[in-house]
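Q: The structure follows.
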Amino acid sequence: MTPERRNLITDVAGLRVGNAADAALRSGVTVLTADAPFTAGVHVMGGAPGTRETDLLAPEHVVEQVDALVLSGGSAFGLDAASGVAEGLRAAGRGFAVGEVRVPIVPAAILFDLQGGGDQGWTENPWKALGRAALSNAATAFGIGSTGAGTGATTATLRGGLGSASAVLPDGSTIGALVAVNALGSATVDDGPHFWAAPFEVDAEFGGLGPAPQGPDPLQARTKLTPHANTTIGIVATDATLTKAQCTRLAIAAHDGFARALVPSHTLMDGDLIFAAATGTRPAPDIAGQLMLGHAGACVMARAVARAVFAAAPGPGDGPPAWQTRFG
């Protein structure tokens, strides 16, 4: 990375990310917002998704831009985080104009972290307040690892977490990824420290170990095999000008990053989903440029997944260890 870059999705100018977490709940929320509304698309490849307002991102629907995207723990309860974000945006005067009324557009996706030992004795949904807190924390610099939507996340063998990465394309466009990794599969090869995403690593951003020294048996994938307790959700963003349809294609391409970094991925017990966002501050790419954006989106997403697991902190309880605890 060059000194001025953070290797975060907020290297896309105008984007901000905020995290909020509850230590007792062992869950949290991550919000991506921007200085102005932005174009977005979405693609789901897991068999057990949990979403809010994703239908409106279809190219044939009226609303062209959104005000924020939300990644949350909490399973279906976590969808209420978007309500807290919408309240905060409304207070700031943001939203889709309908006459004199403004309605913030806040698509959201959730992962399941309710079996991580957190306090589930609450009577009022806590994720709504976490959503509003995450929005208020939104900034260009933010933490990764065991924070935000990655607070209670796990993989088959290690703690999961929140990750991010970025890159600059030859044409000057910037692309970045943000991901909460709570996969049924594993980000590392067998029982060792080497990441599946190693071929895409930049500047030893997740340890610089390179590929595993011995090729793994691809049919011996490690999984936690816990129904409805998984899901990796992410966002890929660029400063290029894209339509909703082109954002959807970018989200589809970025799913290759999941497949490169998590084995297995896109299973029937994951709710794997990727949003794509375009701020439109740079020109629209031609067909070749769109192809390169998709390829770069997959690369930064794979790196973000590995960074999430690499940065995870040791956690309480009997869950899987953090990478740093076991190998650091």
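The values are calculated or read from the model by the stated rules, or taken from the named source; none is laboratory data. The structure presented is a predicted model; accordingly, all values stated were derived computationally and were not measured. Cβ sites come from the backbone with ideal geometry, for glycine too, and all protein chains shown count toward neighbours.
Q: Just give me the residues in segment 242-259 being crowded, with 22+ Cβ neighbours inside 10 Å, farther than 12 Å from residue 43 by Cα and more than 14 Å from the chain's Cα centre (by Cα), in sequence order.
A: Selection gives 242 alone.
Q: Every residue in segment 179-208 that is in contact with a Leu (Cβ under 6 Å, 6 or more places away or on another chain) and part of a strand (DSSP E or B), please.
A: Matches in segment 179-208: 180 only.
Q: Going through 30, 10, 51 one at a time, which residue ends up being surrounded by 16 or more Cβ atoms within 10 Å (Cβ to Cβ), closer than 12 Å to residue 279 by Cα and modelled with pLDDT of 95 or more?
A: Values: 30 fails: closer than 12 Å to residue 279 by Cα; 51 fails: closer than 12 Å to residue 279 by Cα.
Within the list 30, 10, 51, the selection yields 10.
Q: If only one of 173, 186 is under 27 Å from residue 288 (Cβ atoms) and in contact (Cβ under 8 Å) with a residue 24 or more places away in the chain, which one is it? Don't jump to the end; show me each part of the working.
A: Working: 186 fails: under 27 Å from residue 288 (Cβ atoms).
Within the list 173, 186, the selection yields 173.
Q: Pick from 211, 285: which is free of Cβ contacts under 8 Å to residues at least 60 places away in the same chain, in contact with a helix residue (DSSP H, G or I) (Cβ under 8 Å, 6 or more places away or on another chain), in a loop (DSSP other than H, G, I, E, B) and more than 28 Å from residue 114 (Cα to Cα)?
A: On the way: 285 fails: free of Cβ contacts under 8 Å to residues at least 60 places away in the same chain.
Just a single option satisfies the conditions, and that option is 211.
Q: For residue 16, only one of the following conditions fails: (1) at pLDDT 95 or above; (2) touching an Asp or Glu at 6+ places or on another chain (Cβ under 6 Å); (3) closer than 20 Å to residue 151 by Cα; (4) surrounded by fewer than 20 Cβ atoms within 10 Å (Cβ to Cβ). What is its number?
A: Checking residue 16 against (1) at pLDDT 95 or above; (2) touching an Asp or Glu at 6+ places or on another chain (Cβ under 6 Å); (3) closer than 20 Å to residue 151 by Cα; (4) surrounded by fewer than 20 Cβ atoms within 10 Å (Cβ to Cβ), the one that fails is (2).
Q: Return yes or no: is residue 239 of a type in the set (Asp, Glu) and within 20 Å of residue 196 (Cβ to Cβ)? Please lay out each step first, then the result.
A: Working: of a type in the set (Asp, Glu): yes; within 20 Å of residue 196 (Cβ to Cβ): no.
Spelling it out, it is not the case that residue 239 is of a type in the set (Asp, Glu) and within 20 Å of residue 196 (Cβ to Cβ).
Q: How about segment 170-195: which of its residues are surrounded by 24 or more Cβ atoms within 10 Å (Cβ to Cβ), closer than 22 Å to residue 270 by Cβ and not hydroxyl-bearing (Ser, Thr, Tyr)?
A: 177, 178, 179, 180, 181, 182, 183, 184, 185, 187, 195
Q: May I ask you to verify whether residue 157 is in contact with an Asp or Glu (Cβ under 9 Å, 6 or more places away or on another chain) and within 30 Å of residue 288 (Cβ to Cβ)? Give the steps one after another, and end with the answer.
A: Working: in contact with an Asp or Glu (Cβ under 9 Å, 6 or more places away or on another chain): yes; within 30 Å of residue 288 (Cβ to Cβ): no.
The answer is no for residue 157.
So that you can scan it fast, the table gives a plain yes or no per residue for (1) touching a Leu at 6+ places or on another chain (Cβ under 7 Å); (2) more than 27 Å from residue 317 (Cβ to Cβ); (3) surrounded by fewer than 22 Cβ atoms within 10 Å (Cβ to Cβ):
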position	(1), (2), (3)
140	no, yes, yes
148	yes, no, no
151	no, no, no
158	no, no, no
161	no, no, no
168	no, yes, yes
217	no, yes, yes
